[in-house]
1. Could you go through the range 136-145 and let me know if any residue there is at pLDDT 95 or above and under 30 Å from E24 (Cβ atoms).
2. Can K141 be described as within 14 Å of the chain's Cα centre (by Cα) and basic (K, R)?
3. Tally the residues that are surrounded by fewer than 16 Cβ atoms within 10 Å (Cβ to Cβ) and in contact with a helix residue (DSSP H, G or I) (Cβ under 6 Å, 6 or more places away or on another chain), restricting the search to the range 49-72.
4. Restricting the first residue to the range 3-14 and requiring it to be in contact (Cβ under 8 Å) with a residue 40 or more places away in the chain, which pairs with a second residue that is surrounded by 10 or more Cβ atoms within 10 Å (Cβ to Cβ) and polar (S, T, N, Q) meet a Cβ separation below 6 Å and a spacing of at least six or different chains?
5. Those residues that are outside any helix (DSSP H, G or I) and either within 15 Å of the chain's Cα centre (by Cα) or of a type outside the set (K, R) (or both), I need them from the range 109-135; list them, please.
6. Give the residues of the range 156-194 that are within 24 Å of L91 (Cβ to Cβ), among the aromatic types (F, W, Y) and not in a helix (DSSP H, G or I), sorted by residue number.
7. Within the bounds of the range 162-183, is there any residue that is closer than 25 Å to P81 by Cα, in contact (Cβ under 8 Å) with a residue 12 or more places away in the chain and within 22 Å of the chain's Cα centre (by Cα)?
Amino acid sequence: MKSKRIEEDRTREIVDACEKLYAETGFHGVSLKEIAKATSMSRPSVYNYFRTKEEIFLALFGREYDRWNASLAQLLAQPPPKDAGAFADALARTLRDRGILLRLLSMNLYDMEGGSRVENLTAFKRSYGQSIRLVRAMLEKFRPEMSREAREGFVWAFFPFLFGIHPYTAVTPKQRAAMTAAGTDFLRCDAEALVRSFVRVALGAQPS
């Protein structure tokens, strides 16, 4: 029991270090060496828990899904929102503090998964799959008028949509200057507003 707790604590410490470095430097600025330096462990000790940087990021990704799942489960336990617009507002709020999740979603998932062992990838897919199940359950509970086909259509439009949110909400000064020079429109918005708008349109609610 003690060794299991130590393993969990050290795994959490490694993932915490990765999260902090990722927020500061981005994916390409993070290395196993830098992650190890940010923990109380040596680099060889980190290898006892993760073999690659991609595995650590995948663990961070899964943890972000788990945190979102907690918010989704909390919403599911509440009484149904009064209408589709209220449901859109509530679902959007679950992503208000999930900036790391949305940022990770905008990355190349194939590289992250390709650099990870099957058992690490399986753990990640469980967390991701739980998000899908919770959204399905909310549609069944909160929008009972929707057909099963319509609910599935929403799920398989909503989850791919999430991959594109971060680039629209985190435009750098360099990107903004290039868009201005190219005569390309730029709409300043936040993730919650984008999700709310998407869900309202997908459910046929009136714009807010």
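1. Looking through the range 136-145, none of the residues is at pLDDT 95 or above and under 30 Å from E24 (Cβ atoms).
2. no
3. 1
4. Matching pairs, first to second residue: I14/T39.
5. Matches in the range 109-135: G115, S116.
6. Scanning the range 156-194 gives a single hit, F163.
7. yes
To keep it simple, each residue is scored yes or no on (1) farther than 18 Å from V118 by Cβ; (2) under 16 Å from the mean Cα position of the chain (by Cα); (3) not assigned by TED's automatic domain parsing to the domain that holds M107.
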residue	(1), (2), (3)
T11	no, no, yes
I14	yes, no, yes
E19	yes, yes, yes
E24	yes, no, yes
F27	yes, yes, yes
K33	yes, no, yes
A36	yes, no, yes
V46	yes, no, yes
F61	no, yes, no
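The values are calculated or read from the model by the stated rules, or taken from the named source; none is laboratory data. Predicted, not measured: the structure shown is a model, and the values here were computed from it. Ideal geometry is used to build each Cβ from the backbone, glycine not excepted, and the neighbour counts take in all protein chains shown.
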